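Heads up: the structure comes next, in structure tokens.
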Amino acid sequence: MASLLRRKGKNLSLLLVYTLLVFLLASVLLYTQALRKEATLVLANSPEIIVQRLVAGRHAFIPAQYLKQLGDVRGVTYTQGRLWGYYYDPVVKANYTLMATGNKGLAVHEIAIGAGIARTRQLTVGDYLSLRNARGAPETLRVKEILYPDSELLSADLMLLNPESWRQFFAVPQAVYTDLTLAVRNPAEINKVAEKIVQRLPDTRPILKSEILRSYDAVFSWREGLVSLLLSVALLAFVIFAWDKASGLSAEERREIGILKAIGWETSDVLRMKLWEGAIVSLTAFLSGYLLAYAHIFFTSAALLTPILKGWAVLYPEFHVIPYIDYLQVATLFFFTVVPYAVATLIPIWKAAITDPDEVMR
Amino acid sequence: MRGSTQFTILISALLLLLAGTLIDARLRQAQASTRLAHEQALTRMLGLSDLVLATEARYTRHLSQADFHAAFQDHPAALDHFPSGSVFAPPTTLRP
């Protein structure tokens, strides 16, 4: 401890850089893990199969008569058409997702909106919202309900209308849907059912729930990978910094080692002392960095990371991620931040420690 | 007070806080159960397939519903210009 405090400024700056590095890495790790887990839990109730029609490689409206054909596929228990689309609101320069539902008891010209839209357009229940429909005419819609505010991760930009209003608004004919959803009796048969769908309706593309879940898993893994890549560069810089700090042992440090050897300390004793010094620095940095990251992600809702996700979007959900901590990841983080430091500092010290004390002190 | 004692106190405090995060995580998970139930019910009722992570581009708002031309959606060879597009990977179904 006394030896560390003798070089207070140098060691404090090292501790600061080290803590910052752990903070960044741990923030990314905690955030992505929390989002991945939440996506898995929430999307577990997604439709088992979504069938889209592709025209010239692009998503197009699907004829309603496909519902009957899909219902005839063995194993399919339930079919339903989904009506959804996008609306760009020039007033606030935000994109909404307009979706039709028959489950909310919405009358014509009534809407249920996500809390994100309500916040951006400053709307409450009973207010009116005027949007331009597909024919360019203004359409006044009454807010009947604001969707459960805590579900913003799913519904921030949602605007629900009844199917009739939706078709009228977008001038979409009765005989088509945006896409179709299917339920399958036996989960083991889902892939077979998807195969049959493509055979019967070659212009369609089935999207399986398992693929959706896998996509989200991959999204966060990739993001984690991307940011980790950037941070690994930071880690490398840190290793170089630590190496430089230790290999360019100051004359004072060399003299200290020399004196210790001269008064009878073995090389192993010097190494053990230096190892303890390293442990003090890395343990303090790791714990402080991890704790700061936890506070950053779960107490400030990842204030530093959300701008990356927001991009150009005006409308963005306000949500608090739930801490789902993967202890294996935390252990990996510990390993990858503490070990490089220990290795980078120990070797130069060992080199100094095996040299003749007389030479070191000279 | 000796330096080593100070250090022991500091590390003990940090370890205590670390244990605190474990308890906090458990409490938050328990608190979030109602919200998760709401979200799951909404997903089931509306047949939702995606999270609102970015609303700026179609292919990042409904990630799993993106078409094969997502990155070039405006005109052929149009490069992806939305920031979120560089953060999200394409859905697994669209990968070669």
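The values are calculated or read from the model by the stated rules, or taken from the named source; none is laboratory data. Predicted model, so just to flag it, every value in this text is computed and none were measured. Cβ placement follows ideal geometry from the backbone for every residue including glycine, while neighbour counts extend to all protein chains displayed. Note: areas computed on protein heavy atoms with side chains; ligands, DNA, RNA excluded. Shrake-Rupley method; radii C 1.70, N 1.55, O 1.52, S 1.80 Å.
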The stretch A:38-80 - residue that is in a strand (DSSP E or B) and among the basic types (Lys, Arg) and, of those, farthest from the other protein chains (Cβ to nearest Cβ): A:ARG53
Residue check, A:TYR294 closer than 20 Å to A:VAL339 by Cβ and not hydrophobic (A, V, I, L, M, F, W, C): no
Any hit, the stretch A:331-339, residues being of a type in the set (Gly, Ala, Ser), over 23 Å from B:SER33 (Cα atoms) and in contact with a helix residue (DSSP H, G or I) (Cβ under 8 Å, 6 or more places away or on another chain): no
Counted residues, the stretch B:6-26 - those being within 9 Å of another protein chain (Cβ to nearest Cβ) and open to solvent by 60 Å² or more (accessible area, probe 1.4 Å): 6
Filter result (assigned to a strand (DSSP E or B), open to solvent by less than 10 Å² (accessible area, probe 1.4 Å) and hydrophobic (A, V, I, L, M, F, W, C)) within the stretch A:160-183: A:LEU160, A:LEU161, A:LEU180, A:LEU182
Residue count for the stretch A:306-350, restricted to those that are more than 9 Å from chain B (Cβ to nearest Cβ), open to solvent by 30 Å² or more (accessible area, probe 1.4 Å) and either β-branched (Val, Ile, Thr) or touching a residue at least 40 places away in the same chain (Cβ under 8 Å) (or both): 13
Which numbered condition A:LEU30 fails, given (1) outside the structural domain of A:ALA342 (by TED's automatic domain parsing); (2) in contact with a Phe, Trp or Tyr (Cβ under 8 Å, 6 or more places away or on another chain): (1)
Members of the stretch B:27-40 found to be hydrophobic (A, V, I, L, M, F, W, C), closer than 16 Å to A:VAL42 by Cα and open to solvent by 50 Å² or more (accessible area, probe 1.4 Å), listed by number: B:ALA30, B:ALA37
